[in-house]
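Every read-out reported here was derived from the displayed coordinates using simple, explicitly stated rules and does not represent laboratory data. Computed from a prediction, not measured in an experiment: that's the story for all the values here. Neighbour counts are summed over all protein chains in view; Cβ atoms, including those assigned to glycine, are modelled from backbone coordinates with ideal geometry.
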Amino acid sequence: MNSKTIDRDELAKYLAATLDINRFRDYCPNGLQVQGAVSVKHMVTGVTASLALLEAAHAAGADTVLVHHGYFWRGDDQRVVGTLHKRLKFLLEHDMNLFAYHLPLDAHAEFGNNVQLGLQLGLSIHRYFGDQDLGCIGDVNDAALTVGQLQNKIEKILGRSPLLIGDASKKLSTIAWCTGAAQQSFAEAIATGADLYISGEISEQTVHLARESGVAYLACGHHATERYGVQAIGQHCASQFGIAHQFIDIPNPV
């Protein structure tokens with residue numbers, strides 16, 4: 001069955017409203033970052049708009065790429081040289097659209113990275129914490145569940161071994177989490193009374209904070225924890241508009 005099409009600018013408006021992009025103070029522009037084909041028929045989603053993803057999307061016949069990590073970050077070199085030049089040149093030569101959604105795709109209550117990771121791990125969000133309510137809190141239904149058991153479960157689901165700082169035998173009651181590079185929210189997670197904090201990355205000082213607070217920390221990978229939001233919004237667009245969608249994972253050990 002042939003897929004349908006949607007006007008690029010109509011898709012941009014729909015995604016802006018759906019993800020409520022104006023709510024967030026972000027580090028990059030959210031929405032259409034690079035203009036390509038007027039009609040969107042085939043969307044590829046991925047975590048980061050690397051050249052490898054763009055090439056894979058083009059090989060798959062996509063006219064549009066939607067990612068979590070796009071371009072034009074605050075503080076970046078504003079010149080179009082080097083890596084950025086190669087990526088933009090590829091997009092423009094192949095008339096491909098690039099959409100990128102950063103914090104809006106982390107925080108969305110249905111399609112967000114946090115809620116989607118929670119679904120993968122069997123966690124429901126009960127409340128939020130931290131700057132712009134990006135952090136999530138959930139209760140554990142299994143009173144016998146330990147940090148080590150959850151670590152093993154995460155390894156099977158994400159396909160990588162999480163780094164644990166803390167007591168693997170500690171039983172869990174409340175878990176806080178925030179995907180990606182959210183180690184800076186650990187102190188706030190501790191203040192919520194959580195037994196464990198899950199994020200993507202970890203910093204040197206985070207180790208000491210985990211040891212001294214007694215709150216365990218699981219660093220599960222920036223890329224690994226943020227693979228699910230783009231898939232969810234891509235699948236939604238496919239269902240909503242009848243366009244083709246596929247997720248392409250470019251492996252990343254970080």
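Segment N141..A59, full-extension length gain: 25.1 nm, with 0.36 nm per residue of separation and the alpha-carbon distance subtracted. Sorted into 10 angstrom bins from 0, the C-alpha pair distances of segment 113-220 split as 16, 56, 28, 0 percent. If R0 is 35 Å, the Cβ-Cβ spacing of L84 and Q240 corresponds to a FRET efficiency of close to 0.65.
When each of the peptides 205-212, 192-199, 116-123 is scored by the mean number of other C-beta atoms lying within 10 Å of its residues, the order from highest to lowest reads 192-199, 116-123, 205-212.
A straight Cα-to-Cα reach below 18 Å connects K153 with the lysines K170, K171, residues fewer than 8 places away in its own chain not being considered. Residue by residue, segment 244-254 carries 3J(HN,Hα) couplings of 7, 9, 8, 9, 10, 9, 9, x, 8, x, 8 Hz when phi is fed to the Karplus relation 6.51 cos²θ - 1.76 cosθ + 1.60 (θ = phi - 60°); x denotes Gly or Pro. Calculate the all-directions average of the projected area of the chain's alpha-carbon convex hull, and give it in nm². Over every viewing direction, the Cα hull of the chain projects on average to 13.9 nm². Were the residues from E110 through D249 laid out at 0.36 nm apart, the gain over their Cα-Cα distance would be 47.9 nm. Close amide H pairs (under 5 Å, H built 1.01 Å from N) link N97 with G36, A37, T64, V65, residues at least 5 positions away or on another chain. For segment 1-132, the tally of Lys pairs with Cα-Cα distances below 23 Å comes to 4, considering only residues 8 or more apart or on different chains. Using alpha carbons only, how many angstrom separate the centre of segment 220-250 from the centre of segment 41-117? Their Cα centres are 12 Å away from one another.
Okay, helix-only estimate at 222 nm for the chain: each DSSP H run of n ≥ 4 adds -39500 (n - 2.57), divide by all residues, round to 500 deg cm²/dmol; what do you get? Mean residue ellipticity, 222 nm, calculated: -10500 deg cm²/dmol. Each Lys and Arg Cβ is given +1 and each Asp and Glu Cβ -1; about its Cα centre, the chain then shows a dipole of about 300 debye. Rounded to the nearest 0.05, the FRET efficiency derived from the C-beta distance between Y14 and Q149 at R0 = 35 Å is 0.30. With the convex hull drawn around the C-alpha atoms of segment 1-104, the volume per residue stands at 97 Å³. At full extension, T174 and D133 could sit 13.0 nm farther apart than now, given 0.36 nm per residue minus the alpha carbon distance.
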